[in-house]
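Visitor: The structure under discussion is supplied below as structure tokens; questions concerning it will follow.
The values are calculated or read from the model by the stated rules, or taken from the named source; none is laboratory data. Since this is a predicted model, take the numbers as computed values, not measurements. Here the Cβ is made from the backbone with ideal geometry for all residues, glycine too, and neighbour counts use every protein chain on show. The area values use the complete protein model at the heavy-atom level, side chains included, leaving out ligands, DNA and RNA. Shrake-Rupley method; radii C 1.70, N 1.55, O 1.52, S 1.80 Å.
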Amino acid sequence: MKEVFPEPPLTAFKQQKNLRDILVRARVPDPPRPYEKRQIKGMTKCGKACTACPYIKPGNKVKIATNSYWNINRHVNCESFNIVCLIECTKETCKESKYIGETGRLFKFRLAEHRGYIVNKDETQATGLHFNLPGHNLAHMQATILELVNRNSEEYRKEREKFYIRKINTYHRGLNKQK
């Protein structure tokens, strides 16, 4: 045993919980709020320094055309799910700068996939193809949620995506491809 354990063993003890440890809590709970915390409508960052936050465009409205804006009517962030989102290129000379997508998963996970298309140069995907063009890179990508879909239905979410694609016209002046 001396060859396996050259040092003598260290003996340590842990005191078991007694009745006082079980009954008394060290932390005093926060006082109850008389009202619910106010959540401002619009897109915000989660505040947890996640990987999606640098690409989030915060605000309560999104510019969808030259003089047209879309108001975001719910509080959404990168941890929202069952959503329709907009990814746009911030490069000023870029004409095809908008992509509409939908997901039932957390927005930050779907955005991570789009970032993966760009980093891995996956040109079979619209965002991977666009952001790998000369003069474009990952730093030009901005994303926001257009709508938090009320119904938890994939068919309804896809219909809402089609609505935004038609409204913003991303088939002809954007990155969406017709299937």
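Visitor: Determine if the range 46-56 includes at least one residue that is in a loop (DSSP other than H, G, I, E, B), open to solvent by less than 20 Å² (accessible area, probe 1.4 Å), within 20 Å of LYS158 (Cβ to Cβ) and small (Gly, Ala, Ser).
Guide: No.
Visitor: Ok, one more. Give the residue that is nearest to GLN39 (Cα to Cα), with candidates limited to residues of the range 85-109 that are β-branched (Val, Ile, Thr) and surrounded by fewer than 22 Cβ atoms within 10 Å (Cβ to Cβ).
Guide: Among those that are β-branched (Val, Ile, Thr) and surrounded by fewer than 22 Cβ atoms within 10 Å (Cβ to Cβ), it is THR103.
Visitor: Let me ask you something else. Filter the range 125-179 down to the residues that are more than 27 Å from GLU92 (Cβ to Cβ) and among the hydroxyl-bearing types (Ser, Thr, Tyr), then identify the one that is modelled with the highest pLDDT.
Guide: Filtering first and then ranking leaves TYR156.
Visitor: Please specify each residue of the range 93-126 satisfying the condition of being assigned to a loop (DSSP other than H, G, I, E, B) and in contact with a Leu (Cβ under 7 Å, 6 or more places away or on another chain).
Guide: GLU96, GLU123
Visitor: Additional query: Please go through the range 112-137 and pick out each residue that is over 16 Å from SER97 (Cα atoms) and in contact (Cβ under 8 Å) with a residue 24 or more places away in the chain.
Guide: ALA112
Residue-by-condition table, conditions (1) among the hydroxyl-bearing types (Ser, Thr, Tyr); (2) open to solvent by 70 Å² or more (accessible area, probe 1.4 Å); (3) at positive phi:
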{"position": "HIS114", "(1), (2), (3)": "no, no, no"}
{"position": "PRO134", "(1), (2), (3)": "no, yes, no"}
{"position": "THR144", "(1), (2), (3)": "yes, no, no"}
{"position": "GLU147", "(1), (2), (3)": "no, no, no"}
{"position": "ASN150", "(1), (2), (3)": "no, yes, no"}
{"position": "ARG160", "(1), (2), (3)": "no, no, no"}
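Visitor: So which residues in the range 1-31 are outside any loop (DSSP other than H, G, I, E, B), among the charged types (D, E, K, R) and either in contact with a Pro (Cβ under 7 Å, 6 or more places away or on another chain) or open to solvent by 100 Å² or more (accessible area, probe 1.4 Å) (or both), if there are any at all?
Guide: Once the filter is applied, which keeps residues that are outside any loop (DSSP other than H, G, I, E, B), among the charged types (D, E, K, R) and either in contact with a Pro (Cβ under 7 Å, 6 or more places away or on another chain) or open to solvent by 100 Å² or more (accessible area, probe 1.4 Å) (or both), the range 1-31 yields only ARG20.
Visitor: If you don't mind, another one. Is it the case that some residue within the range 57-68 is exposed (fewer than 14 other Cβ atoms within 10 Å of the Cβ) and of a type in the set (A, V, I, L, M, F, W, C)?
Guide: The answer is yes; a qualifying residue exists.
Visitor: Can you pull out every residue in the range 57-89 that is out of contact with any Lys or Arg (no Cβ under 8 Å at 6 or more places or on another chain), part of a loop (DSSP other than H, G, I, E, B) and at pLDDT 90 or above?
Guide: LYS57, SER80
Visitor: Report every pair of residues separated by at least 6 positions or lying on different chains whose Cβ atoms are under 8 Å apart, first residue within the range 61-83 and farther than 18 Å from THR170 by Cβ and among the hydrophobic types (A, V, I, L, M, F, W, C), second open to solvent by 60 Å² or more (accessible area, probe 1.4 Å) and not in a strand (DSSP E or B).
Guide: CYS78/LYS45
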